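Undergrad: Take this structure first; my questions come after.
Only the coordinates and a few stated rules stand behind these numbers; no lab work does. Given the structure is predicted, the values throughout are model-derived calculations rather than measurements. Cβ sites come from the backbone with ideal geometry, for glycine too, and all protein chains shown count toward neighbours.
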Amino acid sequence: MESRSRGSLAGGRDGTPRLWLAAVATFGVGDLLTTGVDLSHPRIAESSPVPELFLRQHGFTGLVGLKVLVFGTLFALWTRLPEPHRVGVPLAIVLVGVVVVVWNTLVIAAVAV
């Protein structure tokens, strides 16, 4: 039997480390990059109320801070969930990240025409 500490990203056969990496790549980096491109265009504005508030009060740095807060909260939740259910946390982040990046890309493409 394999021993693994709760909250550790090492080990495991469920692909969790790769899912967390994908979560950071999509919802973290991908969303920040595409949002940055979106916001550089004068005809595009943030439509989600919470990120818009952080942007208005703290600029793009506020959006980065919001991402860190969201990831920290969800990681804490992940450490407390039992297996195999905990794999759903990074999986959900990846799914949301992909949807948001695709949406932002479509918005960029729509105003670029």
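Undergrad: By its C-alpha gyration tensor, with a ≥ b ≥ c as the square roots of the eigenvalues, how is the range 63-107 shaped: rounded for a/c under 1.5, else prolate for a/b larger than b/c, else oblate? All intermediate terms of the calculation are to be shown ahead of the outcome.
TA: On the way: a/c = 6.36, a/b = 1.60, b/c = 3.98.
The shape class here is oblate.
Undergrad: Which whole-Hz couplings ³J(HN,Hα) result when phi for each residue of the range 47-55 is put into the Karplus expression 6.51 cos²θ - 1.76 cosθ + 1.60, θ = phi - 60°, listed in order with x for Gly and Pro?
TA: 9, 7, x, 5, x, 4, 4, 4, 5
Undergrad: Report relative contact order for the chain in percent, whole number only (criteria: Cα-Cα under 8 Å, sequence separation at least 6).
TA: Numbers: 77 pairs, mean separation 47.6, N = 113.
After rounding, I find 42 percent.
Undergrad: Additional query: What is the packing order of peptides 85-95, 68-78, taking the mean over residues of other C-beta atoms within 10 Å and listing the highest first? Present the calculation step by step, with values, prior to reporting the outcome.
TA: Working: 85-95: 17.6, 68-78: 13.6.
Ranking the peptides 85-95, 68-78 by packing returns 85-95, 68-78.
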